[in-house]
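Student: Can you read through this structure? Questions will come right after.
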Amino acid sequence: IGEIRPLASITKLMTATVLLDLPINWISTTMISEADVAGDHHVNVGEKFTLEDLWHTALIGSSNTSINALVRSTGMSKDQFVVLMNAKAKELRLFSARFDEPTGLSDKNMANAFDTAKLLIDALKFEKIYTTVQTGEYYIQPLGANKPRRIWTTNWLLTNWIPNDFKVEDIAGKTGYIDDSGYNFVVSLANEKKHSIIVVIFGASTNECRFSE
């Protein structure tokens, strides 16, 4: 529980928490730039989205490009934003947590399992995070596009792609994967007695394993 491991996209919980500390107009729009692109196919350069759509794409589909566009839209540099992430970790007493950038692509975004569980608990206190990470599918629409685009959650417990007995309304979590971390997952669940349980999985060998574990 004390071993400090790369968080991968679980990092986005901290990014989202910091974003909600800032005065963001969620119905404003931004265009995806070359500088935002970070290896996912949910959004494309030149497309324009509301920040609300990018928020959902970032947390449901775990879109790195969307996270970068949201951070840019704050008017801060990535480095300035990371200072806020590390300050927030200190404020929340996540003593093992260190952040290097906002997406989770860096193996320098790290924490132990205990602080990762605490990060989820603190993040879920925000209604906007809680309701978003409980969403199994979401439709985004680039401005001017004819049809919306479906985003599936990376949390396969919500879609029942990994069969489970948990009720959807009792599942709230975030996945992460980079080569250096393996398949990560932090999730809040309720057991049959309605007790809340936080589960942290680091370094599962496959996508499916992190959910079946």
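The values are calculated or read from the model by the stated rules, or taken from the named source; none is laboratory data. It should be emphasised that the depicted structure is a prediction, and the values quoted were computed from it without experimental measurement. All Cβ positions, even for glycine, are placed from backbone atoms using ideal geometry, and neighbour counts span all protein chains on display. Heads up: the accessible areas ignore ligands, DNA and RNA and are worked out on the full protein's heavy atoms, side chains in. Shrake-Rupley method; radii C 1.70, N 1.55, O 1.52, S 1.80 Å.
Student: Quick check: is even one residue across the stretch 180-190 open to solvent by 80 Å² or more (accessible area, probe 1.4 Å), without any contact (Cβ under 8 Å) to a residue 60 or more places away in the chain and either more than 14 Å from Met14 (Cα to Cα) or not aliphatic (A, V, I, L, M) (or both)?
Tutor: No, every residue in the stretch 180-190 fails to be open to solvent by 80 Å² or more (accessible area, probe 1.4 Å), without any contact (Cβ under 8 Å) to a residue 60 or more places away in the chain and either more than 14 Å from Met14 (Cα to Cα) or not aliphatic (A, V, I, L, M) (or both).
Student: Moving on. Could you list, in sequence order, all residues of the stretch 120-148 that are in contact with a strand residue (DSSP E or B) (Cβ under 7 Å, 6 or more places away or on another chain), among the aliphatic types (A, V, I, L, M) and either surrounded by 18 or more Cβ atoms within 10 Å (Cβ to Cβ) or part of a loop (DSSP other than H, G, I, E, B) (or both)?
Tutor: Leu120, Leu124, Val133, Ile140, Leu143
Student: Keeping to the stretch 67-109, report how many residues are of a type in the set (S, T, N, Q), more than 17 Å from Ile178 (Cβ to Cβ) and assigned to a loop (DSSP other than H, G, I, E, B).
Tutor: Summing the residues that are of a type in the set (S, T, N, Q), more than 17 Å from Ile178 (Cβ to Cβ) and assigned to a loop (DSSP other than H, G, I, E, B) in the stretch 67-109 gives 3.
Student: So which pairs qualify, if the first residue must be in the stretch 117-135 and at pLDDT below 95, the second must be buried (at least 19 other Cβ atoms within 10 Å of the Cβ) and of a type in the set (D, E, K, R), the Cβ gap must be under 9 Å, and the two must be at least 6 apart or on different chains?
Tutor: From the stretch 117-135, no pairs qualify.
Student: Follow-up question, since we're still on this one. List the residue pairs whose Cβ atoms are under 7 Å apart, where the first residue sits in the stretch 15-41 and is more than 28 Å from Ile178 (Cα to Cα), the second is of a type in the set (Phe, Trp, Tyr) and surrounded by 15 or more Cβ atoms within 10 Å (Cβ to Cβ), and the two are 6 or more positions apart or on different chains.
Tutor: Trp26/Trp55; Thr29/Phe49
Student: Here is a follow-up. Test each condition in (1) among the β-branched types (Val, Ile, Thr); (2) part of a helix (DSSP H, G or I); (3) touching a residue at least 12 places away in the same chain (Cβ under 8 Å) for Val45 and report the one that comes out false.
Tutor: Tallying (1) among the β-branched types (Val, Ile, Thr); (2) part of a helix (DSSP H, G or I); (3) touching a residue at least 12 places away in the same chain (Cβ under 8 Å), Val45 fails exactly one: (2).
Student: Got a number for residues in the stretch 149-172 being surrounded by fewer than 20 Cβ atoms within 10 Å (Cβ to Cβ) and assigned to a loop (DSSP other than H, G, I, E, B)?
Tutor: Count: 9.
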